[in-house]
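Trainee: Following this message is one structure expressed as structure tokens.
The values are calculated or read from the model by the stated rules, or taken from the named source; none is laboratory data. Owing to the predicted nature of the structure, the values given are computational and were not obtained by experimental measurement. Ideal geometry is used to build each Cβ from the backbone, glycine not excepted, and the neighbour counts take in all protein chains shown. These area figures cover heavy atoms from the full protein model, side chains too; ligands, DNA and RNA do not enter into them. Shrake-Rupley method; radii C 1.70, N 1.55, O 1.52, S 1.80 Å.
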Amino acid sequence: MVPVTAPYVAGFLAFREVPVLVEAVQRLQQEEPQLQPQVLLVDGNGLLHPRGFGTACHLGVLTDLPCIGVAKNLLHVDGLARDELHREQVRSLQRSGEAFPLTGTSGKVLGMVLRSHSNSSRPLYVSVGHRVSLGTAVRLVRACCRFRIPEPIRQADIRSREYLRRQPCAPVEGLEAVPASPESKKETELED
DNA sequence: GCGACAG
DNA sequence: ATCTTGTCGC
């Protein structure tokens, strides 16, 4: 079990999850040196990010391993949004493996929208993380998809939940739960 | 002006 | 992300 304190804020996911991911990579290198990953699929974005540096970039720099950002939803950045035009483009993806580039208002290609599986109309948002091209990233992600979610990410998800299911969170030292009361709520409303 | 916006 | 009831299809 690993305590995580930073809250989730869109655009700042790395500050919440990267420390734990780096720790996991280091443990793997130390405890299983014969299992050295050549690339990491990251549950989140890479260049497709408000500051062009999402979790996949962050983790890549800190581990010096090639990283690919794989998001299940579009993060609104550089004019990109889930508007009708975008939905129409997603609908145009018919067969598995079909994709189209995500070009922001700046004109830069920030990632690719990929239909990863024939049975799912919901696409994946693939972007460069570290030391890998966008083309290679899309090819690798597609090759890993037995279902919509790439198997490495899917298995990490399934197994971590399974672990948490039987190892309930232990209370964190020095962190006291504060129930929401009318009084405490009043203190957060700093007006005037 | 407010809300939308990876997990 | 999480919770939750039912439904559809192979």
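Trainee: If you count, for each residue, the other Cβ atoms within 10 Å and average over each peptide, how do A:111-123, A:41-53 line up from highest to lowest?
Mentor: A:41-53, A:111-123
Trainee: Going by average Cβ neighbours within 10 Å, how do the peptides A:93-104, A:124-135 rank, with the highest at the top?
Mentor: Going from most to least packed, we get A:124-135, A:93-104.
Trainee: Solvent-accessible area per residue for chain A at a 1.4 Å probe radius, Å²?
Mentor: On a per-residue basis, chain A sits at 66 Å².
Trainee: Taking the Cβ of A:E151 as the centre, find all other residues whose Cβ is under 12 Å away and add up their charges (Lys, Arg: +1; Asp, Glu: -1).
Mentor: Once all neighbours under 12 Å are counted, the net charge is +4.
Trainee: Give the relative contact order (percent, whole number) for the range A:13-188; include only Cα pairs under 8 Å separated by 6+ residues.
Mentor: 18 percent
Trainee: Report in % the part of the accessible area of the range A:13-188 that belongs to carbon and sulfur, leaving out ligands and nucleic acids; probe 1.4 Å.
Mentor: Carbon and sulfur atoms account for 54 percent of the accessible area of the range A:13-188.
Trainee: Determine, from the Cβ-Cβ distance of A:Q26 and A:D83 and an R0 of 45 Å, the FRET efficiency 1/(1 + (r/R0)^6), rounded to the nearest 0.05.
Mentor: 0.60
Trainee: What length, rounded to one decimal in nm, is gained on full extension from A:E162 through to A:D64, with 0.36 nm per residue of separation minus their alpha-carbon distance?
Mentor: 32.3 nm
Trainee: Find the Cα radius of gyration of the range A:27-153, compare it with 2.2 N^0.38 Å by division, and give the number to two decimals.
Mentor: Output field value: 1.06.
Trainee: Taking K and R as +1 and D and E as -1, what net charge do the other residues with C-beta under 15 Å from the C-beta of A:Y8 add up to?
Mentor: 0
Trainee: In vacuo Debye scattering of the range A:19-101, one point per C-alpha: log10 I(q)/I(0) at q = 0.17, 0.22 Å⁻¹?
Mentor: Rounded to two decimals, the profile gives -0.78, -1.04.
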